[in-house]
Amino acid sequence: MSRNEGRLGLEDSPTQDETPAATTAAVGLGVPGPTGQAPAFNWSVPTEFVELPSKGVFYPSGHPLHQQNTIEIRYMTAKEEDILTSRSLLKEGVALDRMLQNLLVDKNINISSLLVGDKNALLVAARKTGYGPTYDTNVTCPSCDDTGEFSFDISSPPVKDIYQNAQELGISFGDNGNVSITLPMTKATVTCRLLTGEDEVRLAKEMQRKSKKKLETTATDSFRAYITSVNGDESPFTIESFIHAMPAMDARHLRRTYSAIVPDIDLTQIYDCDSCGYETEMEVPLGVDFFWPG
């Protein structure tokens, strides 16, 4: 939700009473006047409050986002485009994180400490401020393999109702945000934690490292990242042994249940192929290409 209507033109700068200095940045535009002084008009970079899917309830006390419903970000500028096209940052896989960190108004917040769903909400909000609410990209039809342009509407992605999902699944959140899931076959109770952006980056690097060795362990790597105990046993050896011995039915149940209770925005939309008429749900891809208009 923006609080900057009427500020996107060449107009008088807002007074200090209208806009706190900590949330705006005045940028000089135009050419110097005849006396060689500063430009006669300024442009204040707008900011926007983004709703957090977690509503801040899963951050520990002392974290800047503890019990906070929203987070404030600046609109994207050419400076952020420079970050997104930096070869060194792209190679390290940190361009998106660096860009988001640059947009945060509260510099006490570390982007890597955000829960994955909250970070996704920021990515979508940043994309909208930079290039608008429509994302045009090439999509390959899963049915006929024809590739064509498809427009995703990212104007107002809904937030998942994790409490309703948890109630339907018969599970509840602990005081620390962890959740215990009982598996159907082994009847084991697995306790899971919510992943942060830092966890996401670490998982991506691990998958990249293993792909070079032609190893594919995406599912087990994810389990290792969020399982904290099995039947109350927090031993890494117990967790590792259980992951490798877990029946496929239990693994599938764990993945689906965990996905349903993770705070996030819902980025699935209906894709309709122009060539064959095939219709299916498709999730908006969130990569560096997401930040360049089609």
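Listed here are the residues, each with its yes/no results for (1) among the aliphatic types (A, V, I, L, M); (2) in contact (Cβ under 8 Å) with a residue 60 or more places away in the chain; (3) buried (at least 17 other Cβ atoms within 10 Å of the Cβ).
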{"residue": "Ile83", "(1), (2), (3)": "yes, no, yes"}
{"residue": "Gly93", "(1), (2), (3)": "no, yes, no"}
{"residue": "Ser113", "(1), (2), (3)": "no, yes, no"}
{"residue": "Thr134", "(1), (2), (3)": "no, no, no"}
{"residue": "Gln164", "(1), (2), (3)": "no, no, no"}
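For residues in the range 261-281 being crowded, with 17+ Cβ neighbours inside 10 Å and aliphatic (A, V, I, L, M), which is farthest from Leu89 (Cα to Cα)?
Looking at residues that are crowded, with 17+ Cβ neighbours inside 10 Å and aliphatic (A, V, I, L, M), I get Ile261.
Suppose the filter is without any contact (Cβ under 8 Å) to a residue 40 or more places away in the chain and buried (at least 17 other Cβ atoms within 10 Å of the Cβ); does Lys128 pass it? Before the answer, list the steps.
Numbers: without any contact (Cβ under 8 Å) to a residue 40 or more places away in the chain: yes; buried (at least 17 other Cβ atoms within 10 Å of the Cβ): yes.
So Lys128 passes the test.
Of (1) over 26 Å from Ser61 (Cα atoms); (2) surrounded by 13 or more Cβ atoms within 10 Å (Cβ to Cβ), Ser229 satisfies all except one. Which?
Result: Ser229 passes all but (1).
I'd like the full set of residues that are assigned to a strand (DSSP E or B), under 25 Å from the mean Cα position of the chain (by Cα) and not hydrophobic (A, V, I, L, M, F, W, C), limited to the range 157-192.
Scanning the range 157-192 gives Ser180, Thr191.
Count, please, the residues in the range 140-150 that happen to be touching a residue at least 40 places away in the same chain (Cβ under 8 Å) and surrounded by 11 or more Cβ atoms within 10 Å (Cβ to Cβ).
Residues meeting the conditions: 7.
Which condition number in (1) hydrophobic (A, V, I, L, M, F, W, C); (2) modelled with pLDDT of 90 or more; (3) not in a loop (DSSP other than H, G, I, E, B) is the one that Val139 fails?
(2) is the only condition that Val139 fails.
Mind checking which residues of the range 109-136 are of a type in the set (S, T, N, Q), more than 10 Å from the chain's Cα centre (by Cα) and either within 22 Å of Met207 (Cβ to Cβ) or modelled with pLDDT of 95 or more (or both)?
The answer is Asn110, Ser112, Ser113.
Is it true that some residue in the range 192-200 is at pLDDT 95 or above and surrounded by fewer than 16 Cβ atoms within 10 Å (Cβ to Cβ)?
No, every residue in the range 192-200 fails to be at pLDDT 95 or above and surrounded by fewer than 16 Cβ atoms within 10 Å (Cβ to Cβ).
Test Lys107 against the criterion of being touching a Ser or Thr at 6+ places or on another chain (Cβ under 9 Å) and on the phi < 0 side of the Ramachandran plot, and give yes or no.
Details: touching a Ser or Thr at 6+ places or on another chain (Cβ under 9 Å): no; on the phi < 0 side of the Ramachandran plot: yes.
So Lys107 fails the test.
Any idea which of (1) at pLDDT 95 or above; (2) crowded, with 16+ Cβ neighbours inside 10 Å is the one Phe237 doesn't satisfy?
Of the numbered conditions (1) at pLDDT 95 or above; (2) crowded, with 16+ Cβ neighbours inside 10 Å, the odd one out for Phe237 is (2).
Could you grab me the full set of residues in the range 69-81 that are touching a Ser or Thr at 6+ places or on another chain (Cβ under 9 Å) and surrounded by fewer than 18 Cβ atoms within 10 Å (Cβ to Cβ)? Working first, answer last.
Residues of the range 69-81 that are touching a Ser or Thr at 6+ places or on another chain (Cβ under 9 Å), as a first pass: 72-76.
Glu72, the sole residue that qualifies.
Does the range 81-111 hold any residues that are in contact with a Gly (Cβ under 9 Å, 6 or more places away or on another chain) and under 26 Å from Pro158 (Cβ atoms), and which are they?
Answer for the range 81-111, where residues must be in contact with a Gly (Cβ under 9 Å, 6 or more places away or on another chain) and under 26 Å from Pro158 (Cβ atoms): Leu96, Asp97, Leu100, Ile111.
Might you check whether a residue that is under 16 Å from the mean Cα position of the chain (by Cα) and within 21 Å of Thr196 (Cβ to Cβ) occurs anywhere in the range 87-94?
Of the range 87-94, the ones under 16 Å from the mean Cα position of the chain (by Cα) are 93-94.
Keeping just the survivors that are within 21 Å of Thr196 (Cβ to Cβ) gives 93-94.
Checked the range 87-94: at least one residue is under 16 Å from the mean Cα position of the chain (by Cα) and within 21 Å of Thr196 (Cβ to Cβ).
Please state which of the following conditions Gln208 fails to meet, knowing it meets all the rest: (1) outside any helix (DSSP H, G or I); (2) surrounded by fewer than 18 Cβ atoms within 10 Å (Cβ to Cβ); (3) out of contact with any Pro (no Cβ under 7 Å at 6 or more places or on another chain); (4) of a type in the set (S, T, N, Q).
Checking Gln208 against (1) outside any helix (DSSP H, G or I); (2) surrounded by fewer than 18 Cβ atoms within 10 Å (Cβ to Cβ); (3) out of contact with any Pro (no Cβ under 7 Å at 6 or more places or on another chain); (4) of a type in the set (S, T, N, Q), the one that fails is (1).
The values are calculated or read from the model by the stated rules, or taken from the named source; none is laboratory data. Owing to the predicted nature of the structure, the values given are computational and were not obtained by experimental measurement. A quick note on method: Cβ atoms are made from the backbone with ideal geometry, for glycine too, and the neighbour counts reach across all protein chains shown.
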